[in-house]
Amino acid sequence: MWCRGVMSAAKRALVLHLVGGGEPVWVALDEDTAADLGQRLHQLVKTGQTWNIPAADGTTLVVNFAHVATAHVAPLNGDSRMYGYVK
């Protein structure tokens, strides 16, 4: 899985666009998680795996990628409606 060292301020987020539509789900990530996840996303979406995603605030979200149409890692766009944001 990912290394869980000292949590740094989040600068990037996982953005999930769900199959059913609606607003995307944003999850704030620490830099280590963002780098690792960015390399894994294609396989997670392609295979529809369920994966534990550690958010920047130390919480863990479980994402079922079988319900994700597209996913990407993007720069943060503020803290509104974002899981795991560290202020």
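The values are calculated or read from the model by the stated rules, or taken from the named source; none is laboratory data. For clarity, every value in this text was computed on a predicted model and none was experimentally measured. Areas reflect the complete protein model, heavy atoms only, side chains present, ligands, DNA and RNA absent. Shrake-Rupley method; radii C 1.70, N 1.55, O 1.52, S 1.80 Å.
From the helices alone, meaning DSSP H stretches of at least four residues, give me the mean residue ellipticity at 222 nm for the chain, per-run term -39500 (n - 2.57), in deg cm²/dmol to the nearest 500. Before the final figure, lay out the partial values.
Working: 1 runs with 17 residues, N = 87.
Result for the chain: -6500 deg cm²/dmol, rounded to the nearest 500.
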Original post:
How many Å³ per residue does the convex hull of the Cα positions in the chain occupy?
Top reply: 80 Å³
Original post:
Considering amide H positions built from the backbone, and no H for Pro or chain starts, which residues 5 or more places from V68, or on another chain, come under 5 Å of its amide H?
Top reply: V19
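I want the antiparallel fraction of DSSP beta bridges within region 12-83, as a percent rounded to 5.
Details: 17 of 19 bridges.
Among the beta bridges of region 12-83, antiparallel pairing accounts for roughly 90 percent.
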Subject >> Order of exposure, largest accessible area first, which applies to V27, V62 with probe 1.4 Å >> reply: V62, V27
Subject >> Solvent exposure of the chain as accessible area per residue, Å², 1.4 Å probe >> reply: 59 Å²
**OP:** Pop out the carbon and sulfur fraction of the accessible area of the chain as a percent, whole number, probe 1.4 Å.
**Re:** 53 percent
Original post:
If you line up the long axis of helix 31-47 against the longest principal axis of the chain, both from Cα atoms, how many degrees apart are they, to the nearest 10?
Top reply: 10 degrees
Original post:
Relative contact order for the chain using alpha-carbon pairs under 8 Å, separation at least 6, rounded to a whole percent?
Top reply: 37 percent
